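What follows is a single structure, written as structure tokens, with notes after it.
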Amino acid sequence: MTKDRLIYLPLGGAGEVGMNAYVYGYGAPGKERLILVDMGVTFPDMDSAPGVELIMPDMTWLEERADRLDAIFITHAHEDHIGGLGHLWPKLKARVYARRFTAAIGRLKLEEAGQPADTITTVEARPAVVEAGPFKVQFVPLAHSIPESAALIIDTPAGRIVHTGDFKLDRDPVVGEGWDDALWQGVADEAPVKVLACDSTNVYSTHPGRSESTLQAPLTQLIQSAPSMFVATTFGSNVARLKTLAEAAVAADRSVCVMGRSMKRMLSVAQETGVLTVFPKTVSPEEALEIPRRNLMLLVTGSQGERRAAAAALSRGKYLGFEMREGDTFLFSSRVIPGNEKDVLRIWNSFSEMGVTVVDDTDGLYHVSGHANRPDLEHVHRLLLPDMLIPMHGEHRHLSEHARIATEAGIAARVATNGMMLDLTGEVPVVAEHVETGRIYLDGTVLIGALDGVIRERIRMALNGHVLATVILDENDEPMGEPWVEMMGLTETGLGGRPLAESMETELTEWMDRAGRKLLRDDDKMEDEIKRIVRQVAVEEIGKKPEVTVVVSRLVAE
């Protein structure tokens, strides 16, 4: 009889920040019953994924085993944990469990994708238990930068797992539940923690994390001292920060106007679900236009430089009738996610040219992280005393460093990146097998695979340009007229000042005049030769090797 085993398999989020998706399984090897924790996305950049809306983990491995998937659990409503729900759920179709606020956001995402919203079950916090196959799961409240975040206690026949999700040790987070040592001590006392799968994002931050509540005084002082209109941006999902900023504005005798669809939606859901019970009165953009600039604060989306968000629109000129002027103040009450620096600096420089004072978190006064720093992580290690630690949610350097400090504390630890399945049954985590993982892209409204070639071709066209070459042959396979080309993304003239298209057409005409009847009957060989000639001319004339599309049209005798 095959011995049952407990497995852990990250499909996304391990070795990268974002796109979180973690599988746990228990049962006979190859027959385990499975659960999935989170279905996140990451956001593309123009260099590696031009034109793409979202990037998600490839769920092929799990899709092929969907009959063994007993449940999906969502820890919180950040996009890198819930953003793929509407697109990936149809591939799996397991019941989804989440806390109230997260469930409300999840239902909106499913509805937007045309999927049934009632697939999500709202779950109360511990001690409520969800039974899914061999797993008994509890949602445990903790603090993060979005309401009602939760860790998961996953009880299995092989022992207890604590999956932290994203968290920080904030005992006074302004909105939602704070970190509670007594609660977590109770978790550890109730049953030994076999596995701690833990957030690693801030493992290199060596000072204890700060509370959201510490921001009220410095933000109020900053807003009061601003001589004209004050504009602030932060993550739209950071409801506590929005509340802190709005209350600071009211204390500075300013009206508050919220701009940006995602920010408004988060505030609305927080109020509807009872998470946010008190928030200062806001004014509409139309009303705000009538208020003196010295008495106005705008809360806008776009803290990461998103091109279509309100902050970027203001940096380009007008937005909903508003424009930034000399003497105004713009605050980035957020951290720049790695990879977004260029977009944020573009906005900053635009405001600087307008004479706007731009303030960020360089001095640490106007933003606090939503993730546990190294001393906080070490505190959790000591509190829960796990048999083993699996670092997650971070680049490889974060995972490796987290594993190192755990090992130094006497905790067995193992770095597992996407696709590395660990057997957690024994006293130490062991690599069981490697699973092929990857990414899929939401391109417009269609999901495409990383190996489909669409993005690769788009990048090649962006880098090298494109040429469309057309030839027409009659029913006797004789050329009708001369070939012609149309170019995109290429300079019009070559080295000698001659039009590049003309040089290509001349070479193609000479080749067709020399080509034999047998070659002109073969579309595939013609296409290869035309591509070769076009690229050769382009390389010689302008040093580029463009993408080439060939159209061969043939007249058919009646």
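Any idea of the accessible area per residue across segment 494-558, 1.4 Å probe, to the nearest Å²? Write down the numbers at each step before the final one.
Working: 3980 Å² over 65 residues.
In whole numbers, segment 494-558 has 61 Å² accessible per residue.
Percent of alpha carbon pairs in segment 170-280 separated by more than 18 Å?
On the way: 3810 of 6105 pairs.
That fraction is 62 percent.
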Worksheet item: Tell me, Kirkwood radius of segment 232-365 from alpha-carbon pair distances, in Å?
Response: 15.1 Å
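Charges at C-beta only: +1 for Lys and Arg, -1 for Asp and Glu. How large is the resulting dipole of the chain about its Cα centre, in Debye rounded to 20?
Working: 58 positive and 82 negative charges, 297 e Å.
Around 1420 debye, computed over the chain.
How big is the convex hull of the Cα atoms of segment 255-297, per residue, in Å³? Provide the component values of the computation, followed by the final result.
Details: hull volume 2.9 nm³, N = 43.
Hull volume normalised by residue count: 67 Å³.
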Worksheet, complete the sentence: Between LEU473 and residues 5 or more places away or on another chain, the pairs with built amide H atoms under 5 Å apart involve MET480, SER553, ARG554, LEU555
Practice prompt. May I ask you to evaluate 6.51 cos²θ - 1.76 cosθ + 1.60, the Karplus curve with θ = phi - 60°, for each residue of segment 421-431 and list the ³J(HN,Hα) values in order in whole Hz, giving x for glycine and proline?
Written response: 8, 9, 8, 9, 5, x, 7, 10, x, 10, 5
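Quick one: dipole size for segment 417-558, taken about the Cα centre, charges +1 on Lys/Arg Cβ and -1 on Asp/Glu Cβ, in debye to the nearest 20. Mind showing how you got there, number by number?
Details: 16 positive and 29 negative charges, 82 e Å.
It works out to roughly 400 debye.
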Worksheet item: Roughly how many percent of the accessible protein surface of the chain is carbon and sulfur, given a 1.4 Å probe and a whole-percent answer?
Response: 49 percent
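As an exercise, identify the GluC sites (Glu not before Pro) in segment 312-399 lying in DSSP coil whose Cβ has no more than 16 other Cβ atoms within 10 Å. Could the numbers behind the result be given before it?
On the way: sites: GLU323, GLU326, GLU341, GLU353, GLU378, GLU395; in loops: GLU323, GLU326.
Those that pass, being in a loop and sparsely packed, are GLU323, GLU326.
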Worksheet item: Just how many % of Cα pairs in segment 408-476 lie over 21 Å apart, if you round to the nearest whole percent?
Response: 61 percent
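Mind checking segment 48-93 for trypsin sites (Lys or Arg not before Pro) that DSSP puts in a loop (not H, G, I, E or B) and that have at most 12 other Cβ atoms within 10 Å? Don't jump to the answer; show the numbers that get you there.
Values: sites: ARG65, ARG68, LYS91, LYS93; in loops: ARG65, LYS93.
When the trypsin sites (Lys or Arg not before Pro) of segment 48-93 are filtered for loop state and at most 12 Cβ neighbours within 10 Å, nothing remains.
Only sites in a loop by DSSP and with at most 13 other Cβ atoms within 10 Å count here; which trypsin sites (Lys or Arg not before Pro) in segment 1-63 make the cut? The partial results should precede the final answer.
Numbers: sites: LYS3, ARG5, LYS31, ARG33; in loops: LYS3, LYS31.
Loop-located and lightly packed - LYS3, LYS31.
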Practice prompt. Would you please calculate the Kirkwood hydrodynamic radius of the chain over all C-alpha pairs and express it in Å, rounded to one decimal?
Written response: 26.6 Å
Worksheet entry | For segment 227-273: span of alpha carbons on each principal axis (Å, largest first) | 35, 17, 14
Response to the item:
Flagged as over-length at 25 Å C-alpha distance, from LYS31/LYS194; LYS168/LYS243; LYS342/LYS545, the pairs are LYS342/LYS545
Practice prompt. On each of the three principal axes of the Cα atoms of segment 386-436, give max minus min coordinate, whole Å, ordered largest first.
Written response: 32, 26, 11
Worksheet item: Out of residues 5 or more away from ALA132 or on other chains, whose amide H comes under 5 Å of its own, with H placed 1.01 Å from N in the peptide plane?
Response: VAL137
Response to the item:
Note on the chain: contact order normalised by length, alpha-carbon pairs under 8 Å, 6 or more apart, percent, works out to 14 percent
Worksheet item: Can you list the HN-Hα couplings for segment 542-555, worked out from phi with the Karplus curve (6.51, -1.76, 1.60; θ = phi - 60°), rounded to whole Hz and with x for Gly and Pro?
Response: 10, x, 10, 10, x, 6, 10, 10, 10, 10, 10, 9, 10, 7
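Which value results when the Cα radius of gyration for segment 399-548 is divided by 2.2 N^0.38 Å? List each step's numbers first, then the result.
Working: Rg = 26.6 Å, N = 150, 2.2 N^0.38 = 14.8 Å.
Normalised by 2.2 N^0.38 Å, the Cα Rg of segment 399-548 equals 1.80.
For segment 118-172, what is the accessible area per residue in Å², given a 1.4 Å probe and the full set of protein chains? Spell out each step's value before the answer.
Values: 1620 Å² over 55 residues.
Roughly 29 Å² per residue, with all protein chains present.
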Worksheet, complete the sentence: Total charge of the residues flanking THR60 in space, meaning their Cβ is under 9 Å from its Cβ, with Lys and Arg +1 and Asp and Glu -1, is -3
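Mind checking the per residue accessible area of segment 304-435 for me, 1.4 Å probe, whole number of Å²? Don't jump to the answer; show the numbers that get you there.
Working: 6060 Å² over 132 residues.
On a per-residue basis, 46 Å².
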Item to complete: Determine the distance separating the Cα centre of segment 165-217 from the Cα centre of segment 1-57; give it in Å without decimals.
Response: 24 Å
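The values are calculated or read from the model by the stated rules, or taken from the named source; none is laboratory data. What you are looking at is a predicted structure, and each value in this text was computed from that prediction instead of being measured. Every residue, glycine as well, gets a Cβ built from its backbone with ideal geometry; the counts of neighbours run over all protein chains shown. When the accessible area is computed, the model is the full protein with side chains, heavy atoms only, and any ligands, DNA or RNA have been set aside. Shrake-Rupley method; radii C 1.70, N 1.55, O 1.52, S 1.80 Å.
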